[in-house]
Amino acid sequence: MAAVKAFFMKVLFIDLWKGLFVTERYQWKKKFTMQYPEELPDIPPRFRGRLIVDMPLCISCKLCEIACPTNVITVIKNPDKTKREPLEFTIDHGRCSFCGLCVDACPTDCILHHEEYELAVYSYDDLYHHKELVGRKWSEAGQFQLEAQVAASVHTERPPGEGGGNATAA
């Protein structure tokens, strides 16, 4: 019986007709086109965009560097033991897979993903961010503006128990 059914499926092109009916159904629906540069898409609240770091909160623990599967983050501790801020902190967004493991590993919640998704540049060197560019405002570069309210709101939007080391498990 299965052989007869398979024969008629091949002869009558049943799969083809099913596909054509799906195409016909969507043929007459209203089209949705977003005019991208003028209209920006709605970003979901948990979108993983460009990594930003709140440098005054960073304690140079190197947990983000250890957690990163693609070795994108490089942290060099300050030789002066009284200062906990890193001597060098670099992020290579060209190799970043935006997995969020570094964000989850950070005990002080100083590294997080921002809503910035337009990372297209003309030179690969522009995707390599040093300590000065990771946490400051890029208003003079015209690429990205990090406001203190945005960083604070991202910290407060995270529900307890998800990500970061400061949340306590219930």
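Please treat every number below as a calculation from the coordinates, not as lab data. Since this is a predicted model, take the numbers as computed values, not measurements. For neighbour counting, all protein chains shown are included, and Cβ atoms are generated from backbone atoms with ideal geometry for every residue, glycine included.
A Cα-only calculation for segment 82-134 places Rg and Dmax at 12.5, 40 Å. For the residue pairs Lys10/Lys30; Lys81/Lys131; Lys10/Lys31, alpha carbon separations beyond 24 Å are given by Lys10/Lys30; Lys10/Lys31.
Amide H contacts of Ile111: Asp54, each under 5 Å away and 5 or more positions distant or on a separate chain (H built 1.01 Å from N in the peptide plane; Pro and chain starts excluded).
Modelled spin-label separation between Met1 and Phe98, with each label point placed 7 Å from Cα along the Cα-to-Cβ direction: 5.1 nm. Ordering 108-117, 26-35 by mean Cβ neighbour count within 10 Å, with the highest value first, yields 108-117, 26-35. A simple spin-label model places the labels of Val11 and Lys31 4.1 nm from each other, with each point 7 Å out along Cα-to-Cβ.
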